[in-house]
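The values are calculated or read from the model by the stated rules, or taken from the named source; none is laboratory data. These numbers were taken from a predicted model, which means no experiment stands behind them. Using ideal geometry, Cβ is built from the backbone for each residue, glycine included, and neighbour counts are taken over all protein chains shown. Note: accessible area is taken over every heavy atom of the protein model, side chains too, but ligands, DNA and RNA are not part of it. Shrake-Rupley method; radii C 1.70, N 1.55, O 1.52, S 1.80 Å.
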Amino acid sequence: MSGPEISVAIITKNEEDKILSCLESVKFAGQIVVVDSGSADDTVRIARDFGCDVFVEDWKGFGAQKQSAIDKCRNPWVLVLDADERIPSATESKIIGISGSGGLRGTAAGYSFPRKNFFQGRWIRHMGWWPDRVARFFQKGRGRMSDNAVHESVIIDGPVEILDCPIEHFTESDLGKILLKINQYSTLGAEQEFSKGRKCSVWEAAIRAELAFFQNYVVRLGFLDGRQGFTLSMTDAINKFSKYAKLSALNMEAKKRNDRSDNSHN
C-alpha cells in the first residue's frame, strides 16, 4: 500500500459490517495496520484483501491493544481510528496537508478533532456528544495510548493543535449489542476502580445512575435529541449502575476474603 507518509492504527474484533467503510475512508494512507483479537467473522479477510498489515493477537485491553497497533506503524505520522469511525473528505485533505503530502507540513506534536457522533441515524448534538474532541493524529514517537483497560485515550508529548474538521463516529445502534457492550465495559470499569481501592455500595450505584440520567437528559439537554437522546441517557444510566454495582460486589467479595483470612489466624 503506497500513499502519504501516514499510518492508520485500528483494532478489531468481529467488525465485518463496519470495517470496509472505515478502510475506504482512509485509503489515502500509506499504511493501514489492523490488530485483530480473534474475529469469528470475515473482518480479517476483508482487511487483508484491502491491503492492510493485519496481525492477530490476544486481547490485552483497549489501551494496550491500540498501542500494539501504533508500535507497528512505519510512517512518520500516525492516525488512530476505531472500526466504527470514518474520515470525511475535508478531514482527509487536512490530514494529508499536515503530513507534508499536501505541501503544508504540520509542526505540532499532535492534532485533535471534534467527533461527530451518530446514533440510530441521528447526529447527537447534546449531552457532551458534540464536539466530543479527541486527539488522534500525531508524529510517530510523540503519541502513545493511556494504560486504561477502558476509556483509553491518546497521550501526546508536546503541543496539540485544535482542528475544526471532524471524525465521524457511527456508534452502535442495536440495543442488544449495546447492552452486551455495557456488560463488558462496566466489568472493566469496576475492576479498574477496584484496583485503585475505590469503594461503593449498591445504593450509591443506584444514585449514580439516577444522577447520570438527569444530567444527560435534562441538564445537558438530551431531550433535544429526541428518542435517541432518551435512549442514550437511559443506557448511560444502566452503564453507571452496572459499573458501580459490580464494584460493590468486588468490595464485598474482598471483605469476605479478608474476614476468612482474619478468622484463620485466630
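A few points about this structure:
- Accessible area of the stretch 12-86 belonging to carbon and sulfur atoms, whole % at 1.4 Å probe: 46
- Think of a 1.4 Å ball rolled over the protein heavy atoms: the chain then has 51 Å² of accessible area per residue.
- Note on surface exposure: 28, 138, 118 rank 118, 28, 138 by accessible area, highest first, 1.4 Å probe.
- Residues of type aspartates and glutamates that residue 246 reaches as a straight line, Cα spacing below 19 Å, ignoring anything fewer than 8 places off in the same chain: 191, 193, 204, 210, 236
- Partners for residue 140 among aspartates and glutamates (Cα-Cα distance below 20 Å; same-chain residues under 8 apart left out): 5, 53, 71, 82, 92, 152, 157, 161
- Anisotropy class of the stretch 105-225 from Cα gyration tensor, a/c 1.5 cut: oblate
- Here the label points at residue 210 and residue 227, each 7 Å from Cα along the C-beta direction, are separated by 2.8 nm in the simple model.
- Rel. contact order, % - alpha carbon contacts under 8 angstrom, at least six apart, the stretch 1-120: 32
- Taking every C-alpha pair closer than 8 Å and separated by at least 6 residues, the mean separation divided by the residue count of the chain gives a relative contact order of 16 percent.
- Once the Cα atoms are used to define both axes, helix 89-98 deviates from the longest principal axis of the chain by about 80 degrees.
- Here each label is just a point 7 Å from Cα along the line to Cβ, and for residue 142 and residue 172 those points are 3.5 nm apart.
- Order by protection proxy (mean Cβ within 10 Å, highest first), peptides 209-220, 6-17: 6-17, 209-220
- With 31 Å as the limit on Cα-Cα distance, the pairs of 66/255; 94/181; 66/240 that go past it are 66/255; 94/181.
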